[in-house]
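Asker: Please see the structure below; I have some questions.
The values are calculated or read from the model by the stated rules, or taken from the named source; none is laboratory data. These numbers come from a predicted model, not from an experiment. FYI the Cβ positions are ideal-geometry reconstructions off the backbone, even for glycines, and counts take in every protein chain you see. To get the accessible areas, we keep the full protein, side chains included, count just its heavy atoms, and leave off ligands, DNA and RNA. Shrake-Rupley method; radii C 1.70, N 1.55, O 1.52, S 1.80 Å.
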Amino acid sequence: MKLDHIAVNVKDIDKSIDWYIKNLAAEILYRDDSWAMLNCDGTKLALTISAQHPPHIAFCVDNIKQIPGIPKYHRDGSAYVYTSDPDGNTIEYIYWPSLK
């Protein structure tokens, strides 16, 4: 597994996108009213609204069978499961079928 992205909760998607573009030269990979995916020099950063997604660290699996439990699906078609590490940090296992 490899690191796929880090997700942080923000209050205002547009304001946060502008900040990451200005301060980290981020590029927008995806955006809508409730979340955005940015590329920060090869590292993906998700900006999320807390009502939609928890802050988390996501790891990409090579096969959907590597996802523990029953996967759900994001609107972009990726399969995922959120779980917690022993300290309560949210970990996402994510599978991108379009990359296979």
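Asker: Taking into account only those residues within the range 64-80 that are of a type in the set (Lys, Arg) and not in a helix (DSSP H, G or I), which is nearest to Glu92 (Cα to Cα)?
Answerer: For the range 64-80, the residue satisfying everything is Lys72.
Asker: Check whether at least one residue in the range 47-60 is part of a strand (DSSP E or B), polar (S, T, N, Q) and within 24 Å of Met1 (Cβ to Cβ), and report yes or no.
Answerer: Yes - at least one qualifying residue is present in the range 47-60.
Asker: Select, from Lys44, Lys22, Lys2, the only residue that is among the basic types (Lys, Arg) and open to solvent by less than 80 Å² (accessible area, probe 1.4 Å).
Answerer: Lys44
Asker: Looking at the range 19-36 only, could you name the residues that are more than 13 Å from the chain's Cα centre (by Cα) and closer than 16 Å to Ile49 by Cβ?
Answerer: Scanning the range 19-36 gives Trp19, Tyr20, Asp32, Asp33.
Asker: Of everything in the range 64-90, what is in contact (Cβ under 8 Å) with a residue 40 or more places away in the chain and under 22 Å from Leu29 (Cα atoms)? Give them in sequence order.
Answerer: Selection gives Asp76 alone.
Asker: Within the range 54-79, restricting attention to residues that are under 24 Å from Lys11 (Cα atoms) and either at pLDDT 95 or above or touching a Pro at 6+ places or on another chain (Cβ under 6 Å) (or both), which residue is surrounded by the most Cβ atoms within 10 Å (Cβ to Cβ)?
Answerer: The qualifying residue surrounded by the most Cβ atoms within 10 Å (Cβ to Cβ) is His56.
Asker: Sticking with this one: What pairs come out if I take residues in the range 1-17 that are touching a residue at least 12 places away in the same chain (Cβ under 8 Å) and pair them with residues that are acidic (Asp, Glu) and open to solvent by 70 Å² or more (accessible area, probe 1.4 Å) whose C-beta lies under 7 Å away, six or more apart or interchain?
Answerer: Here the result reads Ile13/Asp33, each pair linking the range 1-17 to a residue that is acidic (Asp, Glu) and open to solvent by 70 Å² or more (accessible area, probe 1.4 Å).
Asker: Could we say that Leu29 is part of a strand (DSSP E or B), open to solvent by 40 Å² or more (accessible area, probe 1.4 Å) and closer than 24 Å to Tyr80 by Cα here?
Answerer: Yes: the conditions hold for Leu29.
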